[in-house]
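What follows is a single structure, written as structure tokens, with notes after it.
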Amino acid sequence: MLNPVPAQPPAPPLLSVQGLDVTYETGAQGFWGRPKAFKALEDISFDLHPGETLGLVGESGSGKTTTGRAVLRRITASAGKIVFQGKDITHTKGEALRKLRRNMQLVFQDPYASLNPRMRVIDLVAEPLLVHGLIRHVDEARDRITELLRIVGLPADAHDRFPHAFSGGQRQRIGIARALALQPEFIVADEPVSALDVSVRAQVVNLMQDLQRELGLSYLFIAHDLSVVRHISHRVAILYAGRMVEIADRDDLYDHPIHPYTEALLSAVPVPDPRTQRQRKRIVYGGEIPDLVNPPAGCRFSTRCPLATEQCHKEAPKLSERSAGHLVACWNR
Amino acid sequence: MSVSANSTGTPLLEVEKLKVEFDTRRGLVQGLRGVTLSIGRGETLGVVGESGSGKSVTAQAVMGLIDLPGRIASGDIRWKGRSLLGSDGERYARDIRGKEVAMVFQDPMTSLNPVLKIGTQIGEVLERHLGMTRAQARNRAEELLAAVGISAPGRRLDQYPHEFSGGMRQRVMIAMAIACEPELLIADEPTTALDVTIQAQILELLAELQQSLGLSVVLITHDLGVVAGLCHRVAVMYAGQIIETGLAEDVFERPAHPYTQGLLRSTPRLDEVSDRLVSIEGTPPNLVTPPEGCSFQQRCPLSGEACRKAPKLEHIRPDAEAACWRPSVPAWATPLMSPTFP
Ligand SMILES: Nc1ncnc2c1ncn2[C@@H]1O[C@H](COP(=O)(O)OP(=O)(O)OP(=O)(O)O)[C@@H](O)[C@H]1O
Ligand SMILES: Nc1ncnc2c1ncn2[C@@H]1O[C@H](COP(=O)(O)OP(=O)(O)OP(=O)(O)O)[C@@H](O)[C@H]1O
Ligand code: SF4
Ligand code: SF4
Ligand SMILES: [Mg+2]
Ligand SMILES: [Mg+2]
């Protein structure tokens, strides 16, 4: 018998999130006038490898943006650990945090709101360099910015124009150029194409894929569009009401979903093909996403799940591995 | 599902060569540049196209909602064969709008009054259009909420819009729209603001109502998947014009216009993995000074000398029309890396 090819020793993850909780305070007053708090994220764990895209999916309020912000250290974790390039950065502060931030950048959803309308494109792209003290004047970085604008596919005369002179897709390119200015290894892209039209969306998705290949970037790609996520991601994680219910390799997750919520979610996405779409079976569960301030005991999907048993109402299931790299949090699947 | 629902007699709604202009500071925006479409009884027409292509303006024109700085510059809109324009037409339009033809908007929060109870808001429609008494209207409102799948409808009547979730508000909007048993429902992006599982519920509701009430539906959306699931026919808009129309199955299977071809190939699919999406470079033209000739010229891989003259929407098959000099020619090659990388 032939020996199996020895497995490559797995490269250490670029980012490792372990048991992350994030707590927000609500405006409401609780007992004794203490502000009420709720857990927007509970026990979130995942790894992201160099050059990899992890798609993070979930419905509105499920905690996608919160996850991105916690990883970038823009909000504080109330429990758990965030390890970046082998270092525990959960509590990094001051100068060390500033240095760290150079290496992790954010691309926003709204290309209109996220760019200061009074700044020229060149100043917008140079801003991160100035803020981090890498240059003292825009002129020092002119060549670099020209190169960045070329890479993201903006016209050469874009430098001195203001954001309003650009279309949505072009503004998103400016946002990406800004994020790339500091040569980060890791980018959190929070719904980067949701506000764009279909034809323009493809331009930006292609650009992000090219940049990844050329520069070896890792992406945490947040979106609620499951079709775009399938296209761009290597692995995909599904959030429901602040918990991760399933994570797997892209095709494994889309072709063989295990968690009842993932199954319903995938079945609800319409496919742009009338024949296929008419034959697809939709799994529609009634009910709504639970209120995070008073979440149900046990599994958060138990209020809608047809498979729920007594155990589900008492105890929250943890992620467990079902096949290599495919983790699911469910008692009955 | 029968597809040729428009085969009997006069169509319900006809829009003919409609031009709508907006007099803005930037200049005269040509929002609609000659739109022609029709919809038959029991038929569902999907209208797709990117932002600014004229989908909402078309719906607004039908509903009489074009306000200054906008105006209908030319063309006609007919309901059951009678014009809705001109002074006679406007009187007729007042009778039928809200009653025989009703509309659902994208954002229910802006169309519901936040300080009025849901029951009061639905009741008002019934009292105004159908002359019901308050008690009758309340009973009917409860039935309508039940019909759109809201549980405990009696109790819900006394709640305010903010006590409803986004999906429930959209159900309320649909309940109000079908209150007078309209023949045509125009839904402008009714599910765009909703999560997919809620979107699926609303689309299912629309399909059910369409069947049970024999409704005609115009569904405006930029989600091609939504059209695929629900519509018999589809009209694709670009830069204020319809550039392709036909049976949904045909248009999705053999798109004729290069823009439609590109649109379908630039949309990732849940059930397929592709290495790379087609990307239609560039952006739609400015509607203050639209290009002479075909409006897709600047972005079209097939564009040539002939395209400097505007193509008309013409039959390419018995049930399909396209506005292109070279219809049904494959326009997009398998895409390579972005040109920005050497
Ligand atoms: N600054 C904040 N203070 C209090 N609660 C917050 C704050 N930010 C978010 N939340 C709440 O935390 C939960 C998760 O929000 P988050 O923005 O992470 O969701 P999301 O998955 O990104 O949703 P969307 O798809 O709508 O962007 C929601 O219930 C939200 O209302
Ligand atoms: N009130 C207005 N004033 C000026 N221009 C307008 C007005 N309403 C619409 N337009 C213009 O008319 C054109 C068509 O707009 P319309 O709202 O129909 O687009 P749409 O296809 O519905 O786009 P979206 O997908 O963004 O809703 C656009 O160029 C728009 O700028
Ligand atoms: S744990 Fe129970 S309630 Fe939760 S998804 Fe699984 S079966 Fe359903
Ligand atoms: S008319 Fe010419 S430019 Fe316009 S879509 Fe057809 S081939 Fe392209
Ligand atoms: Mg978010
Ligand atoms: Mg619109």
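Read the figures in this text as sums done on the coordinates, not as results from a lab. Computed from a predicted model, the values in this text were never measured in an experiment. Neighbour counts are summed over all protein chains in view; Cβ atoms, including those assigned to glycine, are modelled from backbone coordinates with ideal geometry.
Values for this structure:
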| item | result |
| --- | --- |
| Three-way shape label, the stretch A:256-333, alpha-carbon gyration tensor, a/c 1.5 | oblate |
| Separation between Cα centres of the stretch B:258-293 and the stretch A:143-218, rounded to whole Å | 18 |
| Cross-link pairs beyond the 27 Å C-alpha cut-off, checked among B:LYS19/B:LYS99; A:LYS281/B:LYS99; A:LYS64/B:LYS117; A:LYS81/A:LYS318; A:LYS281/A:LYS314; A:LYS64/A:LYS87 | A:LYS281/B:LYS99; A:LYS64/B:LYS117; A:LYS281/A:LYS314 |
| Sparse-neighbourhood loop sites, trypsin sites (Lys or Arg not before Pro) in the stretch A:90-141 - DSSP loop, at most 12 other Cβ within 10 angstrom | A:LYS93, A:ARG118, A:ARG136 |
| Nearest-ten-degree value, helix B:196-213 long axis tilted from longest Cα axis of chain B | 70 |
| Net charge of Cβ neighbours under 11 Å - reference B:GLY293; Lys, Arg +1; Asp, Glu -1 | 0 |
| Computed magnitude of the charge dipole of chain A (debye, nearest 20; Cβ of K, R +1, Cβ of D, E -1) | 420 |
| Positive-end residue of A:VAL198, B:MET237, A:GLN85, charge dipole of the protein assembly as shown with Cβ unit charges | A:GLN85 |
| Given charges at Cβ of Lys, Arg, Asp, Glu: chain B dipole, positive-most of B:ALA179, B:ALA147, B:LEU130 | B:LEU130 |
| Cα→Cβ-extended label distance, 7 Å offset, between B:ASP158 and A:ASP110, nm | 3.8 |
| Nearest-20 debye value, the protein assembly as shown charge dipole, Cβ charges on Lys, Arg, Asp, Glu | 940 |
| Charge sum, other residues only, whose C-beta stays under 10 Å from A:ASP21's C-beta, Lys/Arg counted +1 and Asp/Glu -1 | -1 |
| Point-to-point label distance, B:LYS117-B:GLU281, nm (Cα→Cβ direction, 7 Å offset) | 6.2 |
| DSSP bridge pairs, chain B: antiparallel proportion in percent, nearest 5 | 65 |
| Partners for A:LYS99 among aspartates and glutamates (Cα-Cα distance below 16 Å; same-chain residues under 8 apart left out) | A:ASP88, A:GLU127, A:GLU185 |
| Prolate/oblate/rounded label for the protein assembly as shown (Cα gyration tensor, a/c 1.5) | oblate |
| Prolate/oblate/rounded call for the stretch B:249-342, Cα gyration tensor, a/c under 1.5 rounded | oblate |
| Environment charge at A:PRO290 (Cβ cut-off 10 Å; Lys +1, Arg +1, Asp -1, Glu -1) | 0 |
| Charged-residue dipole, Cβ positions (Lys, Arg, Asp, Glu), the stretch B:217-342 about Cα centre, Debye nearest 20 | 300 |
| Dipole-positive endmost among B:VAL288, B:GLN210, A:GLN209 within the protein assembly as shown (Cβ charges, Cα centre) | B:VAL288 |
